There are 2 protein chains.
Amino acid sequence: MITIEEKFAKLGVDNAPGQEVRLKSVDAGLAGGPVPGVRVDFSHGDVNAFPPLPCTIDLFCEGFRLGAEQAYTEYRGKRSLCDALAQKLAAFTGAPVSADSELILTPGTQGALFLAMGANIVRGDKVAIVEPDYFANRKLVEFFEGELCPVPMNYFEAGEGAGLNLERLEETFRDGVKLFLFSTPNNPTGAVYSERELRAIAGLANKYGVKIICDELYARQIFDGRPYVHLRSLGLMDPENLMTIMGPSKTESASGFRLGAAFGSAAMISRMEKLQAVVSLRAAGYCQAVLGSWFSEPEEWMRQRVAAHQQIRDDLVGEFRRIPGCMVRPTEGGSYLFPRMPKLKVEMQDFVSALRIQANVTVTPGTEFGPYTDSFRINFSQDRQAAVDAVRRIAQMVERYRAE
Amino acid sequence: MITIEEKFAKLGVDNAPGQEVRLKSVDAGLAGGPVPGVRVDFSHGDVNAFPPLPCTIDLFCEGFRLGAEQAYTEYRGKRSLCDALAQKLAAFTGAPVSADSELILTPGTQGALFLAMGANIVRGDKVAIVEPDYFANRKLVEFFEGELCPVPMNYFEAGEGAGLNLERLEETFRDGVKLFLFSTPNNPTGAVYSERELRAIAGLANKYGVKIICDELYARQIFDGRPYVHLRSLGLMDPENLMTIMGPSKTESASGFRLGAAFGSAAMISRMEKLQAVVSLRAAGYCQAVLGSWFSEPEEWMRQRVAAHQQIRDDLVGEFRRIPGCMVRPTEGGSYLFPRMPKLKVEMQDFVSALRIQANVTVTPGTEFGPYTDSFRINFSQDRQAAVDAVRRIAQMVERYRAE
């Protein structure tokens, strides 16, 4: 029998984004002195550089003034907000959403992911996840005692689409996978799945009766006018086997309110509500009021926000490509880059520590996302100049630690 | 192997407080017409009748203006807030709390409870809970696939203290219980555990190596100048085996912000943080700022709030005692009453529905708290006159449905 200590040993948080403040400083093995510059924390977006819509705080205060009816909502979220949001999400994703039975508001998109996984995984269930993908995916499967079936995404070799290995995906499905979770745009690479890939995924899900959780957290920030396809819009899957997850924490910068949404299968939503009832009851009632502005942003505000991120992407991709031996796939959607470094004379974990200590730059080691000992992730939703300068410092550090 | 549907079948939410809005109206079996009056929802407190401190919204807005540093805190909560809160919680509960290792901020007290249970229960573990106690306790044990060991609290027969059956508690401990969870003041009865009971619990926990989660959510609202003893203040237990849970959702009426705190065992806090990282990352960052006012309320504000609730308790206990055959134990702490009704000619579940449909009064059926088919719970943190009128309507309804 597994002990609680063994169960939690797999759930490390020390290197998780935002937790670096808890790391002890290790000076051993550092080469050279500081590479000074303004501190940049690439582990998450900077809401000072890209703040939420100004009206969010007003909506929050209105919710607070509403009092009891806003403080104590149904566990799945305030009905009037759900009614409006179901229509907006249906319009955005191209398939109907019932406010009554197919939508739940959650504490952040993380909350939606936790509930969706908890509402589907029974211990021993085989669960397919993508490598690389969001670092919590693996931990969730492990927490719920599912069996991990990783499927590689060959993001550097993809001719078209994200580069998911569909043959390997089918093998895992044939081998008994019950649930498949993936993000598009992909976290950490910013790769967007093509319609061909999504059709193949849906076809395999139908063939083998696999349920799908589709994390579309960054679906509103697509670059270069590229087409973005919502799996649910294709109408190829039984809607009861599909859950889609979104939230206003990224492009919309509302992470401080902890809001997310999951929509799809009524049976799954019903189980997710039961789980939410014991996890945290509901997304903070007053915070829910902020969702009134979601998908109602001024068009020009959203256009500018996406354009500004595309510009930063271009700048940073240019900077990384100037580093000899560094490979980077330009982000197609979202705010992440996942550059692969040339061979270094220190472990990536130590290089990441050195970046933080010597260059005032925080990045997230690639091993959080799968077996990527030569890569790290950055969230480039930052002040543009500060981000460019920080990547130039990374370049200096690469030279300092480059393998002979 | 259990299926996901079987696992969730035990986690009903239809009768959970606040979910009544989702119940379908059932008119069958209703006797007589409406008993009109202002709607009172006793399933939770009314923050319109007892609002949060006015400064809470200002603190929230200040947190929002702080931006990034408030939006993205450590998973266990913003360090400066934890530093201040650890001192306040230590002073209140009479034992030290390390801000660095022994405290975590959570999305509501429910969040603290979920994390504490999830960080301690491995499937198959025997877990002792009290009957009656908070309805989520049982569900949490079931969700984490522990084995429930209920211990009765004879709240009507207690000469002193809450009336926990200590002999039965020792039997369950001797039988292999790993974890014991209880609330003081007790939810739903408002009974406060005596120092004698707490000493006995600590002694048994030490003797059998049992870990304890002590839910003190209502510990700041104690009536009649009664002594209240914090289990952790006794210094009888290994601090690594004890977790205490509190939050500002009840007496302080800050439920709409979803804030809670757990403090104690550093090993448990470490696991709880790992779990929080995949459940919802953190309590909403901007909401955390509201904790600046917690335990810093004007003394007179707190005094008046407790006195006002004591007055409502007195009024309602008087009203219930006017109903022939009704038994009620006066609340010693918190805002709950758990009256036992005389024999009715309908099931309690149907009586509760009739109260809602005919008398505009929402109560929570006793079966949510254990095998209590003759009782219901009310939260009397309500407008005083509305609450008195509502209990008078309950009295009319009891006569209408009283068994011949």
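Read-outs: derived from the displayed coordinates by stated rules, not from any lab. These numbers come from a predicted model, not from an experiment. Here Cβ is always computed from backbone atoms with ideal geometry, including for glycine, and neighbour counts include all displayed protein chains.
Rounded to two decimals, what is Rg over Rh for the stretch A:57-293 when you use alpha-carbon atoms and the Kirkwood radius?
Details: Rg = 17.3 Å, Rh = 17.9 Å.
Radius of gyration relative to Kirkwood radius: 0.97.
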Per residue of the stretch B:87-104, in order, report the coupling 6.51 cos²θ - 1.76 cosθ + 1.60 (Karplus, θ = phi - 60°) as ³J(HN,Hα) in whole Hz, putting x for Gly and Pro. 5, 5, 5, 5, 5, 5, 9, x, 7, x, 9, 7, 5, 6, 10, 10, 9, 9
Taking max minus min of the Cα coordinates of the stretch A:92-218 on each principal axis, largest first, gives extents in Å of 40, 35, 28
7 Å along Cα→Cβ, label-point gaps from A:G159 to other copies, nm, shortest first: 8.7
Name the residue farthest towards the positive end of the dipole of chain A from the options A:A219, A:G33, A:S194, assuming +1 on Cβ of Lys and Arg, -1 on Cβ of Asp and Glu, about the Cα centre. A:G33
Given labels modelled 7 Å from the Cα in the Cβ direction, how far is it in nm from A:D224 to A:I357? 3.9
Relative to the present Cα-Cα distance, how much length would full extension add between B:V306 and B:S80 at 0.36 nm per residue of separation? 78.4 nm
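Regarding the stretch A:323-364, what is the average projected area of its C-alpha convex hull, in nm²?
Numbers: hull surface 14.0 nm².
Averaging across all directions leaves 3.5 nm² for the Cα convex hull.
With a 10 Å Cβ neighbour count serving as the proxy for reagent exposure, in which order, fewest first, do B:F257, A:F156 appear? Each step should come with its number before you reach the end.
On the way: B:F257 31, A:F156 13.
The fewest-first ordering by Cβ neighbours comes to A:F156, B:F257.
With +1 on each Lys and Arg Cβ and -1 on each Asp and Glu Cβ, how big is the dipole of the stretch A:316-404 about its Cα centre, in debye rounded to the nearest 20?
Working: 13 positive and 10 negative charges, 43 e Å.
Dipole of the stretch A:316-404, to the nearest 20 debye: 200 debye.
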Partner shielding of A:121-132, as the mean number of partner chain Cβ atoms within 10 Å, equals 2
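Taking the Cβ-Cβ separation of A:Q396 and B:K88 as r and a Förster radius of 41 Å, what is the calculated FRET efficiency to the nearest 0.05? List each step's numbers first, then the result.
On the way: r = 46 Å, r/R0 = 1.11.
It comes to 0.35.
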Would you mind listing how long the stretch B:45-155 runs along its three principal axes, going by Cα atoms, in whole Å with the largest first? 47, 37, 29
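About its Cα centre, what dipole magnitude does the stretch B:67-293 give when the only charges are +1 on Lys and Arg Cβ and -1 on Asp and Glu Cβ, stated in debye to the nearest 20?
I would put it at about 460 debye.
How high is the relative contact order of chain A, given as a whole-number percent (alpha carbon pairs under 8 Å, six or more residues apart)?
On the way: 785 pairs, mean separation 101.2, N = 404.
Averaging sequence separation for qualifying contacts and normalising by length gives 25 percent for chain A.
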With axes computed from alpha carbons, what is the tilt in degrees of helix A:266-279 against the longest principal axis of chain A, rounded to the nearest 10 within 0 to 90? 70
So what's the gap between the Cα centers of the stretch A:330-358 and the stretch B:254-309, to the nearest angstrom? 36
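Mind sorting B:Y286, A:Y336, A:Y228 by how few other Cβ atoms lie within 10 Å of their own Cβ, fewest first?
Values: B:Y286 33, A:Y336 26, A:Y228 19.
In order of increasing Cβ crowding within 10 Å: A:Y228, A:Y336, B:Y286.
What is the extension gain from A:I2 to A:E347, computed as 0.36 nm multiplied by their sequence separation minus the C-alpha to C-alpha distance, in nm to one decimal?
Working: separation 345, 0.36 × 345 = 124.20 nm, distance 3.14 nm.
Here the answer is 121.1 nm.
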Which value, in debye to the nearest 20, gives the size of the charge dipole of the protein assembly as shown about its Cα centre, when Lys and Arg are +1 and Asp and Glu are -1 at the Cβ? 60
Distances from A:N206 to the same position in the other copies: list them in nm, one decimal, shortest first, using label points 7 Å from Cα along Cα→Cβ. 6.7
Label distances, nm, B:L66 versus same residue in remaining copies, Cβ-directed 7 Å point: 2.7
Coarse-grained scattering of chain A at q = 0.07, 0.08 Å⁻¹, given as base-10 log I(q)/I(0) from a Debye sum over alpha-carbon atoms: -0.32, -0.42
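Which of B:C55, B:C82 comes first, and how do the rest follow, when ranked by fewest Cβ neighbours within 10 Å?
Working: B:C55 15, B:C82 26.
Least crowded to most crowded, the residues run B:C55, B:C82.
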In the protein assembly as shown, what percentage of the DSSP-assigned beta bridges are antiparallel, given to the nearest 5? 45
1/(1 + (r/R0)^6) with r = Cβ-Cβ of A:E240 and B:S233, R0 = 45 Å, i.e. FRET efficiency to nearest 0.05, evaluates to 0.30
For the protein assembly as shown, what percent of Cα pairs sit more than 47 Å apart? 21
Tell me, what is the percent relative contact order of the stretch B:1-122, built from C-alpha pairs under 8 Å that lie six or more residues apart? 13
Along the charge dipole of the stretch B:67-293, which of B:F263, B:L204, B:F135 sits closest to the positive end, that is, farthest toward it, with unit charges on the beta carbon of Lys, Arg, Asp and Glu (+1, +1, -1, -1)? B:F263
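Pairs A:K88/A:K207; A:K10/A:K207; A:K126/A:K274; B:K211/B:K274; A:K139/A:K211: which exceed 26 Å Cα-Cα?
In this structure, A:K88/A:K207; A:K10/A:K207 exceed 26 Å between Cα atoms.
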